[in-house]
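Here is the structure we will look at, set down as structure tokens.
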Amino acid sequence: MKIIINDFNELSKNLIQKINKYSEVIIFSSKEKDIDFIDDYNVIGYDYEFENIKNIATDIDFSKKGDFYFIGLSNNNEKNILDYLISKHLGVSNNIILLSHDYLKETLDLILEKKEEYIFPIFSKEVLVNEILNLIVYDTFKIVFFDDIVIIGKYMLNKFLDGLTIDTLVAIDPDINFRILFIERNDKIFFVRGQDQLKLNDKLYIITYKENLKKVINIFSEETEYIENNEILSDEEIEEKKKKKKNIIFIGNEKLIMNIVTKLNYKEFNITILTKNPASFDKYGEKTKGLNIYKYNLKELQDIEKYIEGNDIIVNLSNNDENNIMFSIIARELGIKKIISLVNNPNFKRIYSKLGIDCIINENDIIVKHIIKRIKGGDLINVSNLRDDIIITEVTIENEKIENMKIKDLKLPKDVIIVSIIRDKKIIIPKGSTILKKGDLVRILSYEKTISKVENLFKGNKFLNIF
């Protein structure tokens, strides 16, 4: 597969690092200094000149469906749209372009001959808002969807499960099909097996089917739907608990905050907004009805603490990373259960990790995730959303030595796990007794540094992609 990108920036660097293992990447850049720097990323670089584009078009048949993608990643909306038109004229059948706001949909519709025939637009603000909403609604610190399966990161807070073995836990309700892939404990990773025990505050990474997501989250929560203060609730008490509102506070970017809160159900949340300029919300009129909007001053931290205290969720959406980190630290010290924070500069991710704050959002990461999803033609996304050192490798079973073997007989190393199998278009979360069949698409989770183990174990089979 060949992928053509129309700009060399932080976003395209992020994408290249995740796709150049299985794709040939061509970059057009108008900045001369980029061309030399591009060599470090193992891609082909060209000056952004129409003559270069025309010469490449002469040498390559772009019309082969599925072989080529044009991806417009410039910060300039007009440039992405114009380059898409050139790409379409040259015969590229797969086009993905980034647009900053969804109001550009109308502009796009005007220039398309047939709606959505040639192009897949990604509206950056829209995907950012949806990602934040996802984190607010689900009681979890990480969540990765692919196909009909989801991997979630969840703190083990249910005291009733403390000390249970993995086998005992899974047997509690056999109808809820899930597996614990690995555990973080005291900053170390453990790839678990059946007799390993859970401990309170373990960070669990769990795989399950999408339809079971809420049930699985409920199992590990501090107070599930069925238990409160160590007492089993009646049906009436459960219904009353569901009606109880959560308190959520937003701090930061006014437009982004309003884009999110207007999509939340006010019946489920008491919403507070901290802003430097409350008057900036006046233009939203009736949309602010029911919202608690207060002014804050960074020199008066005691007032900020007063507003943050007592909330269930804090969402930090400032364009200033230092402010987001400061609010996150305050929230953690005040015992806020869920802290969601925007990370504008990816270099700050490590700081959040050291602080033990997991719900972090980087706009570039989210956009790259959506591009990969589109290229792959499914829902598989980069698992670096879970951890930077973990990868998933796709392998199609072709080797007769492995065909018809049970997974437990493969004698996989402890840090290599088969997370799912696609067979006859159906998704399987496998067990040790699951038998591998010829043609199975197997997804294998491992450390990135131990990828050679996976390659040796599955030698003679067809390796497809690494995520």
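The values are calculated or read from the model by the stated rules, or taken from the named source; none is laboratory data. Computed from a predicted structure; not experimentally measured. Virtual Cβ from ideal backbone geometry, glycine too; neighbours counted across all protein chains shown.
Out of LYS425, LYS406, I need the residue that is farther than 22 Å from PHE191 by Cα and free of Cβ contacts under 8 Å to residues at least 60 places away in the same chain. Which one? Being farther than 22 Å from PHE191 by Cα and free of Cβ contacts under 8 Å to residues at least 60 places away in the same chain holds for just one of LYS425, LYS406, which is LYS425. When each of ILE392, ILE417 is tested for being in contact with a Leu (Cβ under 6 Å, 6 or more places away or on another chain), at pLDDT below 85 and assigned to a strand (DSSP E or B), the lone residue that passes is ILE392.
Tallying residues that are part of a helix (DSSP H, G or I), modelled with pLDDT of 90 or more and aliphatic (A, V, I, L, M) within the stretch 271-301 yields 1.
Determine the pairs where a residue that is without any contact (Cβ under 8 Å) to a residue 24 or more places away in the chain, located within the stretch 279-294, has a partner that is not in a helix (DSSP H, G or I) with Cβ atoms under 6 Å apart, the partner being 6 or more residues away or on another chain. That search, which allows pairs on different chains as well, returns ASN292/THR272; ILE293/ILE273; TYR294/LEU274.
Criterion first (in a strand (DSSP E or B) and of a type in the set (Val, Ile, Thr)) does ILE451 satisfy it?
Details: in a strand (DSSP E or B): no; of a type in the set (Val, Ile, Thr): yes.
Taking the combined requirement at face value, the residue does not satisfy it.
Report whether or not GLY356 is at pLDDT below 80, among the small types (Gly, Ala, Ser) and on the phi > 0 side of the Ramachandran plot. Criteria met by GLY356. Within the bounds of the stretch 79-95, is there any residue that is modelled with pLDDT of 75 or more, part of a helix (DSSP H, G or I) and within 25 Å of the chain's Cα centre (by Cα)? Checked the stretch 79-95: at least one residue is modelled with pLDDT of 75 or more, part of a helix (DSSP H, G or I) and within 25 Å of the chain's Cα centre (by Cα). What's the number of the only condition in (1) assigned to a helix (DSSP H, G or I); (2) at pLDDT below 70 that LEU135 fails to meet? So LEU135 meets the others, but not (2).
In a residue-by-residue description of the stretch 346-358, the property of being surrounded by 19 or more Cβ atoms within 10 Å (Cβ to Cβ) and of a type in the set (Val, Ile, Thr) applies to at least one position.
Within the stretch 84-97, being farther than 13 Å from PHE68 by Cα and in contact with a helix residue (DSSP H, G or I) (Cβ under 6 Å, 6 or more places away or on another chain) holds for one residue alone: ILE97.
When ILE16, ILE44, ILE35, ILE27 are checked against the criterion of being touching a strand residue (DSSP E or B) at 6+ places or on another chain (Cβ under 8 Å), surrounded by fewer than 18 Cβ atoms within 10 Å (Cβ to Cβ) and at pLDDT 65 or above, ILE44 stands alone in meeting it. The listed residues are ASP409, ASP379, and the only one of them that is at pLDDT below 85, outside any strand (DSSP E or B) and surrounded by fewer than 19 Cβ atoms within 10 Å (Cβ to Cβ) turns out to be ASP379.
Just so you know, in the stretch 305-319 the residues that are loosely packed, with under 15 Cβ neighbours inside 10 Å and not charged (D, E, K, R) include one that is nearest to LEU128 (Cα to Cα), and it is ASN319.
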